[in-house]
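What follows is a single structure, written as structure tokens, with notes after it.
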Amino acid sequence: DYLEKINSSGEHLLRIVDDILDFSKIEAGKMKIELADFSVNELMHKVQNLVHTKVEARKLNLIMEVDASLPKYLHGDSHRLSQVLLNYINNAIKFTEKGDIKVSLKQISDHEKVCLLRIEVKDSGIGMSPEQQNNLFQSFEQADSSTTRKYGGTGLGLAICKQVARMMHGEVGVESAIGQGSTFWCTAYVA
């Protein structure tokens with residue numbers, strides 16, 4: 001039990017340090033998008049493996065879907081796309097007591113040599129009011145900023161997702177209602 005708590009705390013601390021480093025890179029204009037070919041299925045499999053333990057511990061259902069129209073291989077920054085997916089999925093796990101988390105990748109449009117990719121993570125969690133949604137995607141902001149909040153975090157993950165999407169000429173957003181879950185989405189241009 002102690003070892004699991006130490007391991008969990010260590011992973012949490014590592015995520016905070018990674019978020020702070022990425023945020024610092026963004027602020028300094030040093031974050032770069034690296035372009036390389038990658039397998040969509042391998043990306044989804046890697047992300048699924050990274051969150052598997054948390055999903056199992058919460059007894060949630062994780063559903064991973066890739067639209068059949070999406071090419072099997074894309075050209076873009078798979079590391080930054082997985083970062084967005086992991087931020088969204090970890091938030092969904094945190095705010096979902098029971099039910100499903102559905103992760104999907106879709107091709108919205110296909111121009112000559114580029115594809116507009118849409119990432120969606122939909123949960124059956126607690127949801128948010130419109131006021132809470134307005135605070136998201138900003139540095140150090142959270143839906144619940146009270147000192148007595150139930151759910152922790154740095155408030156950097158979604159801000160990083162927004163910057164990553166912008167660097168890939170895309171956007172981010174959320175659709176949510178109290179008690180009805182949330183759908184976080186991100187678009188990005190890949191080749």
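Please work out which one of (1) under 27 Å from K32 (Cα atoms); (2) open to solvent by 70 Å² or more (accessible area, probe 1.4 Å); (3) modelled with pLDDT under 95 is the condition K106 fails and give its number.
With (1) under 27 Å from K32 (Cα atoms); (2) open to solvent by 70 Å² or more (accessible area, probe 1.4 Å); (3) modelled with pLDDT under 95 applied to K106, the lone miss is (3).
Give the residue, chosen from V55, V103, that is farther than 21 Å from E171 by Cα and either free of Cβ contacts under 8 Å to residues at least 12 places away in the same chain or aliphatic (A, V, I, L, M) (or both). Lay out the reasoning, then the answer.
On the way: V103 fails: farther than 21 Å from E171 by Cα.
On inspection, the qualifying residue turns out to be V55.
Would it be correct to say that K54 is among the charged types (D, E, K, R), open to solvent by 50 Å² or more (accessible area, probe 1.4 Å) and in a helix (DSSP H, G or I)? Let's see the steps before the verdict.
Values: among the charged types (D, E, K, R): yes; open to solvent by 50 Å² or more (accessible area, probe 1.4 Å): yes; in a helix (DSSP H, G or I): yes.
Yes.
Among residues belonging to segment 85-95 that are modelled with pLDDT under 95 and either more than 13 Å from the chain's Cα centre (by Cα) or farther than 13 Å from H52 by Cα (or both), point out the one that is surrounded by the most Cβ atoms within 10 Å (Cβ to Cβ).
Once the filter is applied, the top-ranked residue is N91.
Taking segment 173-191, which residues are open to solvent by 20 Å² or more (accessible area, probe 1.4 Å) and free of Cβ contacts under 8 Å to residues at least 40 places away in the same chain?
Matches in segment 173-191: E175 only.
Mind checking whether some residue in segment 25-43 is part of a helix (DSSP H, G or I), within 14 Å of V190 (Cβ to Cβ) and hydrophobic (A, V, I, L, M, F, W, C)?
Applying the first criterion (part of a helix (DSSP H, G or I)) to segment 25-43 yields 25-27, 40-43.
So of that shortlist, the ones also within 14 Å of V190 (Cβ to Cβ) come out as 40, 43.
From what is left, the residues that are hydrophobic (A, V, I, L, M, F, W, C) are 40, 43.
Yes, segment 25-43 contains a residue that is part of a helix (DSSP H, G or I), within 14 Å of V190 (Cβ to Cβ) and hydrophobic (A, V, I, L, M, F, W, C).
Of all the residues that make up segment 57-78, how many are within 15 Å of the chain's Cα centre (by Cα), surrounded by 16 or more Cβ atoms within 10 Å (Cβ to Cβ) and not hydroxyl-bearing (S, T, Y)?
Looking only at that region, the number is 3.
Working only within segment 22-49, note down all residues that are over 21 Å from K72 (Cα atoms) and surrounded by 11 or more Cβ atoms within 10 Å (Cβ to Cβ).
Step one: filter segment 22-49 for residues over 21 Å from K72 (Cα atoms), giving 22-32.
Within segment 22-49, D22, F23, S24, K25, I26, E27, M31 meet the criteria.
The values are calculated or read from the model by the stated rules, or taken from the named source; none is laboratory data. Only a predicted model underlies this, so the values are computations on that prediction, with no experimental measurement involved. In this analysis, Cβ positions are derived from the backbone assuming ideal geometry, glycine residues included, and neighbour counts consider all displayed protein chains. Just so you know, the surface numbers come from the protein's heavy atoms only, side chains and all, with ligands and any DNA or RNA stripped out. Shrake-Rupley method; radii C 1.70, N 1.55, O 1.52, S 1.80 Å.
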